[in-house]
Each structure stands twice: as structure tokens, then as C-alpha cells.
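The values are calculated or read from the model by the stated rules, or taken from the named source; none is laboratory data. Predicted model only: the values in this text are computed from it and were never measured. Here the Cβ positions follow ideal geometry from the backbone for every residue, glycine too, while neighbour counts run over all protein chains shown.
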Amino acid sequence: MGEKNNYPNKNEFYTTKLRAGRRIYYFNVKMNKNGDKYLVIKESRKEGEDKIIRTRIMVYEEDIYGFMNKFKDAFEVMTSRDVTKKDRGE
């Protein structure tokens with residue numbers, strides 16, 4: 001699943017990835033010079049034959065519990081069978 005890496009980038013101490021079709025999601029836990037940990041979630045996706053679009057979000061240690069709570073709420077809405085396009089008037 002996750003692995004400690006041996007790269008020169010010493011501030012990264014956990015990384016794992018999820019391949020999902022044309023997208024790859026990376027989850028990296030890093031530490032800054034002050035010893036503060038943060039999570040970096042990166043998405044790389046192919047657009048066309050040779051273009052790669054990259055997006056990232058950083059979540060700092062002091063925000064991780066709030067982030068996870070809101071992520072869980074969004075997950076529950078997305079996976080709920082109660083909400084459909086018809087319910088939204090589409």
C-alpha cells in the first residue's frame with residue numbers, strides 16, 4: 001500500500017498511489033523544516049495523446065480532522081442512492 005521512499009526528497013516520508021483509468025492519484029505525507037506534517041493529494045490525468053494535466057491540494061496537519069469530516073460528508077452524498085440527477089431537476 002504505502003511505502004517509505006529512498007528518494008533525495010527527505011521531507012517526504014510516506015507515499016502511495018491509486019491508478020483510476022486515465023487518472024493517477026498520489027497521496028504523499030511530508031514534513032516541512034519546522035517539523036509540521038502535511039498531506040499532498042495530487043491528480044495526474046492524460047488529456048489527448050501527449051498532454052498531462054496535474055492538480056494538487058495540500059492539507060496541513062492542523063486541518064486534517066476537519067478535512068476528513070467534510071470529505072466523509074461529501075463521500076456519503078456521492079455514494080447515496082437518494083440523490084440522482086432527477087432529484088436535481090436534470
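The set of residues in the range 55-67 that are exposed (fewer than 12 other Cβ atoms within 10 Å of the Cβ) and under 12 Å from the mean Cα position of the chain (by Cα) comprises T55, R56, I57.
Flag: M1 matches the condition of being at pLDDT below 90 and of a type in the set (A, V, I, L, M).
Look at the range 13-27: where a residue is exposed (fewer than 14 other Cβ atoms within 10 Å of the Cβ), no partner that is in a loop (DSSP other than H, G, I, E, B) and at pLDDT 95 or above sits 6+ places away or on another chain with Cβ atoms under 7 Å.
Restricting K70, K42 to residues that are at pLDDT 95 or above and assigned to a strand (DSSP E or B) narrows the list to K42.
Among residues of the range 32-54 that are exposed (fewer than 10 other Cβ atoms within 10 Å of the Cβ), those with a Cβ under 7 angstrom from a residue that is of a type outside the set (S, T, N, Q), sequence gap 6+ or separate chain, pair up as E47/I53. Entry remark, the range 24-47: residues being within 16 Å of D63 (Cα to Cα) and of a type in the set (G, A, S) number 1 in total.
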